[in-house]
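Novice: What follows is a single structure, and I will ask about it in a moment.
The values are calculated or read from the model by the stated rules, or taken from the named source; none is laboratory data. Computed from a prediction, not measured in an experiment: that's the story for all the values here. Please note: Cβ atoms are built from the backbone with ideal geometry, for glycine as well, and neighbour counts cover all protein chains shown.
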Amino acid sequence: MSRVLDHIHQDHRNMIQLLEILESEVKDLASGSDHDYSVMSDIVDYFNHYPTHFHHPYEDKLFEWIGIENPSLRSLIDELQTEHEAQATLGNEMSMFLQGIRTGHMVPREAVVKDLTEYIRVQRDHIDKEEGRLLKEVENLLEAKRAIEIPLPDRDTLDPLFGDKVDTAFSLIADALER
């Protein structure tokens, strides 16, 4: 498999790990157990940072290529690119929502659980669609062509959580990942 796909698959695995932590925090919140709004907020902020600014633009370059190579995938590509835009909007809304809770706005627990559960569902569905539909087609096409090289962003430098150095803004998530 190409380095391009390896990179995207690894990003998706990293995101799934974060969604699992967020899901665990939401379950704790729903049951009235100890939960950590800071970890929840930091995970949403991570999704607003790395995927929005680096992962999705990188995928968009790949989508551009695959759309030219296989025009029958154009509608799926358009759908995924629209989802990228919607995810950025949803992420910003969720970030402000959680920030408000952390600063004292009273919100019924059920509403927080509902909104975060929907946020997790949207993220998972998107990753599943990319992995299960589009990236399979890319793999097949790459296998047939044998190579494509799109310059890779330097994840080790750019990724504030899974890169060489954990940004202090994401230290709570790093601690949660180590547990």
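Novice: Regarding the stretch 71-81, can at least one residue be identified that is modelled with pLDDT under 95 and not in a helix (DSSP H, G or I)?
Specialist: no
Novice: Next question, about the same structure. Filter the stretch 138-179 for residues that are exposed (fewer than 10 other Cβ atoms within 10 Å of the Cβ) and under 30 Å from R74 (Cα atoms); which is modelled with the lowest pLDDT?
Specialist: By that ranking, first place goes to A147.
Novice: What are the pairs with Cβ atoms under 6 angstrom where one residue, in the stretch 79-99, is at negative phi and the other, located anywhere, is of a type in the set (S, T, N, Q)? Sequence gap at least six, or different chains.
Specialist: A88/T52; G91/N48; S95/N48; L98/S41
Novice: Next up: Got a sec? Which of D34, D28, D60 is closer than 19 Å to R124 by Cα and not hydroxyl-bearing (S, T, Y)?
Specialist: So the residue among D34, D28, D60 that is closer than 19 Å to R124 by Cα and not hydroxyl-bearing (S, T, Y) is D60.
Novice: How many residues are without any contact (Cβ under 8 Å) to a residue 40 or more places away in the chain and either under 14 Å from Y58 (Cβ atoms) or in contact with a Gly (Cβ under 6 Å, 6 or more places away or on another chain) (or both) when one looks only at the stretch 1-18?
Specialist: 1
Novice: Could you grab me the full set of residues in the stretch 26-41 that are in contact with a helix residue (DSSP H, G or I) (Cβ under 9 Å, 6 or more places away or on another chain), assigned to a helix (DSSP H, G or I) and among the hydroxyl-bearing types (S, T, Y)?
Specialist: Across the stretch 26-41, the qualifying residues are Y37, S38, S41.
Novice: Another question about this same structure. Is it the case, given these coordinates, that R102 is at pLDDT below 90, surrounded by 11 or more Cβ atoms within 10 Å (Cβ to Cβ), over 19 Å from the mean Cα position of the chain (by Cα) and within 30 Å of D34 (Cβ to Cβ)?
Specialist: yes
Novice: Of these, I43, I77, I66, which one is closer than 20 Å to D159 by Cβ and β-branched (V, I, T)?
Specialist: I43
Novice: State yes or no: is E130 under 17 Å from L5 (Cβ atoms), surrounded by 16 or more Cβ atoms within 10 Å (Cβ to Cβ) and either in contact with a helix residue (DSSP H, G or I) (Cβ under 7 Å, 6 or more places away or on another chain) or modelled with pLDDT of 90 or more (or both)?
Specialist: When the stated conditions are applied, E130 passes them.
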